[in-house]
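Okay, structure first, notes after.
The values are calculated or read from the model by the stated rules, or taken from the named source; none is laboratory data. Note that the structure is a prediction, hence the values are computed from the model and not measured. Counting neighbours? That spans all protein chains shown, and the Cβs are built from the backbone with ideal geometry, glycine included.
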Amino acid sequence: MPRFFFSVVEGESAFITGQDAVHIRRALRIKPGENLTLCDGRGTDYFCEVVGFEEEAVRLKVLYHTPTACEPDTMVTLYQGLPKGEKMEWILQKSVELGVTAVVPVITARSIVRLKPGEGEKKRERWQKIAAEAAGQSGRGIIPQVSLPLSFSQAAERLKAENTVVFYEGGGQPLSGLVNQATRSLSIVVGPEGGFETGEVELLREQGAHIVTLGKRILRCETAPLAALAVIMHLTGNLE
């Protein structure tokens, strides 16, 4: 059944506008009487019947609503060392599919990319659009939020209050010793190309972060967060 994040719900009526409305009419060619699913982006699905079309909108009747069944019960925030090129877009798309709750781009000492003033917001807007598209495609109940890029010191300050694991190519403890089905909230930190500087890892360790490993092989910066998320979702029972 087609699935969309909705524009407006008013009691038993709902409306879809914008590009989604165009897609429904022209690409999917859905007719009145057919059904589709809307999600409010906060974990509730609305099962609807198409009633008709109004210029640039699709009008629907809400039949019933339920909690989104496929949303993970473990909240994972990814702090990703900002990589170059289009790697961040790939990481965003796939991490949303795997169940990430939020993504925080971080400019570390070894990040090759250096953003100009005002460029961060433009990047964030594009990244948020990619996250929304991936959420719709994968049947998520929320749209994971992408923050403005933070400096490493800003990210470290935020991580003081969070349950944090740092994936480090220099070694660490196995993730299976820290994460299980009782884990409900976790922040994971992954470096850019070239990984972290030793001082960055030590700062996070001193703040109480756990330093963990993904095995003896060195993973690319776009592979590591996806491998980590897949393992976390498995250990927490969210791939069953």
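A few notes on this one:
- Of the set (1) at pLDDT 95 or above; (2) over 30 Å from T198 (Cα atoms); (3) surrounded by fewer than 17 Cβ atoms within 10 Å (Cβ to Cβ), all apply to Q128 but (3).
- Test for S7: is it at pLDDT 85 or above, of a type in the set (S, T, Y) and either more than 22 Å from R140 (Cα to Cα) or surrounded by fewer than 16 Cβ atoms within 10 Å (Cβ to Cβ) (or both): no
- Members of segment 37-62 found to be small (G, A, S) and either surrounded by 20 or more Cβ atoms within 10 Å (Cβ to Cβ) or without any contact (Cβ under 8 Å) to a residue 40 or more places away in the chain (or both), listed by number: G52
- Considering segment 63-81, the residues that are in contact with a helix residue (DSSP H, G or I) (Cβ under 9 Å, 6 or more places away or on another chain) and either crowded, with 24+ Cβ neighbours inside 10 Å or among the hydroxyl-bearing types (S, T, Y) (or both) include one that is nearest to T37 (Cα to Cα), namely T74.
- Those strands (runs of 3 or more DSSP E) lying entirely in segment 3-100 with at least 3 residues closer than 30 Å to V201 by Cβ and assigned by TED's automatic domain parsing to the domain that holds R126: 75-81
- Hey, I218 more than 20 Å from the chain's Cα centre (by Cα), surrounded by fewer than 14 Cβ atoms within 10 Å (Cβ to Cβ) and on the phi < 0 side of the Ramachandran plot or not: yes
- Residue match in segment 200-213 (condition: assigned by TED's automatic domain parsing to the domain that holds E89, in contact with a His (Cβ under 6 Å, 6 or more places away or on another chain), over 29 Å from E86 (Cα atoms) and in a loop (DSSP other than H, G, I, E, B)): no
- Single residue of segment 182-212 satisfying the filter (among the polar types (S, T, N, Q) and in contact with a strand residue (DSSP E or B) (Cβ under 7 Å, 6 or more places away or on another chain)) that is farthest from D73 (Cα to Cα): S187
- Taking the criterion of being at pLDDT 95 or above and either in a strand (DSSP E or B) or among the basic types (K, R) (or both), the residues of segment 101-115 that qualify are A102, V103, V104, P105, V106, I107.
- Flag for A161 being assigned by TED's automatic domain parsing to the domain that holds E197 and part of a loop (DSSP other than H, G, I, E, B): yes
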